[in-house]
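The values are calculated or read from the model by the stated rules, or taken from the named source; none is laboratory data. Since the structure is predicted, the reported quantities are computational estimates derived from the model, not experimental observations. Glycine gets a Cβ as well: all are built from the backbone with ideal geometry, and neighbour counts include every protein chain shown.
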Amino acid sequence: MKSLSVVSEEDLNKFYQTISNNVQRIRQEKNKPQLDLVLEMGLKSTSFYSKCENAKDNHHFNLEHIYKIAVALNVDILEFFKGVHTTT
């Protein structure tokens, strides 16, 4: 099992990018506009959400966000983690 101390910055960035890509893909497949999802999540800023979805400016979704997005989009939360690899 990898400890956090051996996870590189590059690995973390790939992790966040994969999740962001999955969120964006699934949201688009469900034809859900960002604004609607932001409101359903109880967020106050579409700008923040957009930065997370695009993994910009070191913004990323936390577990609460992922849970709320899964509920709002009516998808299994594991769908957001497809393509994430924790073993070499």
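Can you say whether Phe48 is modelled with pLDDT of 95 or more, aromatic (Phe, Trp, Tyr) and either surrounded by 12 or more Cβ atoms within 10 Å (Cβ to Cβ) or within 13 Å of the chain's Cα centre (by Cα) (or both), as far as the supplied structure shows? For Phe48, the condition - modelled with pLDDT of 95 or more, aromatic (Phe, Trp, Tyr) and either surrounded by 12 or more Cβ atoms within 10 Å (Cβ to Cβ) or within 13 Å of the chain's Cα centre (by Cα) (or both) - is not met. Of all residues in the range 43-61, those being in contact with a helix residue (DSSP H, G or I) (Cβ under 7 Å, 6 or more places away or on another chain), of a type in the set (Gly, Ala, Ser) and part of a helix (DSSP H, G or I) number 1. When each of Asn13, Asn31 is tested for being among the polar types (S, T, N, Q), out of contact with any strand residue (DSSP E or B) (no Cβ under 6 Å at 6 or more places or on another chain) and assigned to a helix (DSSP H, G or I), the lone residue that passes is Asn13.
Please find, among Glu79, Glu64, Glu40, the residue that is part of a helix (DSSP H, G or I) and exposed (fewer than 12 other Cβ atoms within 10 Å of the Cβ). So that I can check it myself, show each step before the final result.
Working: Glu79 fails: exposed (fewer than 12 other Cβ atoms within 10 Å of the Cβ); Glu40 fails: exposed (fewer than 12 other Cβ atoms within 10 Å of the Cβ).
Sole residue among the options that is part of a helix (DSSP H, G or I) and exposed (fewer than 12 other Cβ atoms within 10 Å of the Cβ): Glu64.
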